[in-house]
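The values are calculated or read from the model by the stated rules, or taken from the named source; none is laboratory data. Fair warning: this is a prediction, and the values are worked out from it, not measured in the lab. Note that each Cβ is placed from the backbone with ideal geometry, even for glycine, and that neighbours are counted across all protein chains shown. Quick note on the areas: whole protein, heavy atoms, side chains included, nothing else; ligands and nucleic acids left out. Shrake-Rupley method; radii C 1.70, N 1.55, O 1.52, S 1.80 Å.
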Amino acid sequence: MKTQRYKENRKSKIVNNMRDDKVNRLSNARVSRKFVFNNQVSLLQSNRRVLICKNRIKTLMNVKPGNNEADKFHEISFDNLIHIFGARLSNPYKEVKINEGRKRIDIVFNNNDNTGFFRNLNQLNKVHCPKILIECKNYGKEIGNPEFDQLVGRFSQKRGQFGILLCRSIEDKQTVIQRCKDILNDKNSYVIVLSDEDIITLLGFRETNNEAEIDNFLTRKLDELIM
């Protein structure tokens, strides 16, 4: 009888030890995975860095105009605008579908500017702009009416009446300004055009955290249309 009870107790003890050992192994595995994961996050975070102005310019200049590298231009433009505009705009999105997917907008920001250019655009200039709509054109030629019409076609009462057209270069500045004025006069909408040269200038202001000059630069672009 005692022998039988001893065997049963020993078997129960072995089973309990095996169960405890399994629990410990699972627990250690979770800790190990968590440790590795945390190390990976730390490693990624430590390797992340904000590109300085000259590196951003170099990256932009390395993108060749044309359809083949349009996606690259879109990507670097998206990152540069987030960097330049800072706290003025929020919730940036790429390739935003509108009209049930029949149209897309390259880049969209929310306008939450409390003190700068986009605040003045809304409050002082009375331009309806809850969203800032942006189209990117990686063309090796001058932008024309179709490119302006595409951007203006994304405007609406809900999204707003202001947008930015990004391009690589401007050969005939006066013609571009006149196209923007035509849009203002005909549709009561506002478009400013920023070339690589303009983006480089704005990146320089951001490098020194010169918020006033960023606002002043954009204000001069708007003044070219309304003055």
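Out of the total accessible area of the range 120-227 (probe 1.4 Å, heavy atoms of protein only), what percent is carbon and sulfur?
Heavy-atom surface of the range 120-227 belonging to carbon and sulfur, 1.4 Å probe: 45 percent.
Amide H to amide H under 5 Å from Arg104: which residues, 5+ apart in sequence or cross-chain, H placed 1.01 Å off N in plane?
Result for Arg104 returns Ile98.
With the other protein chains left in place, how much accessible area per residue, in square angstrom, belongs to the range 164-227 at a 1.4 angstrom probe?
Solvent-accessible surface per residue comes out at 49 Å².
Cross-link list Lys72/Lys137; Lys64/Lys181; Lys72/Lys97; Lys72/Lys158: which exceed 23 angstrom alpha carbon to alpha carbon?
Those over the limit are Lys64/Lys181; Lys72/Lys158.
Restricting to Cα pairs below 8 Å that are 6+ residues apart, what does the relative contact order work out to for the range 70-135? Please round to a whole percent.
So the answer I get is 27 percent.
May I ask you to compute the full-extension gain from Lys141 to Thr219, defined as 0.36 nm times their residue separation minus their alpha-carbon distance, rounded to one decimal in nm?
That pair, Lys141 and Thr219, stretches by 25.5 nm at full extension.
At what distance in nm do the modelled label points of Ile200 and Lys54 sit from each other, each positioned 7 Å from its Cα along Cα→Cβ?
Spacing of the two 7 Å Cα→Cβ label points: 1.4 nm.
Which value, in Å², gives the accessible area per residue of the range 119-162 when a 1.4 Å probe is used on the protein heavy atoms?
Accessible surface, normalised per residue, equals 47 Å².
Nearest 0.05, what FRET efficiency do Glu69 and Asn110 give at R0 = 25 Å with Cβ-Cβ as r?
0.30
Run the dipole for the range 78-227 about the Cα centre, Lys and Arg Cβ at +1, Asp and Glu Cβ at -1, nothing else charged, and hand back the magnitude in debye, nearest 20.
In debye, rounded to 20, the range 78-227 gives about 700.
Residue separation times 0.36 nm, minus the C-alpha to C-alpha distance between Lys103 and Lys173: what's the value?
So the extension gain works out to 22.4 nm.
So with the 1.4 Å probe, I'd like the accessible area per residue for the range 55-109, rounded to whole Å².
58
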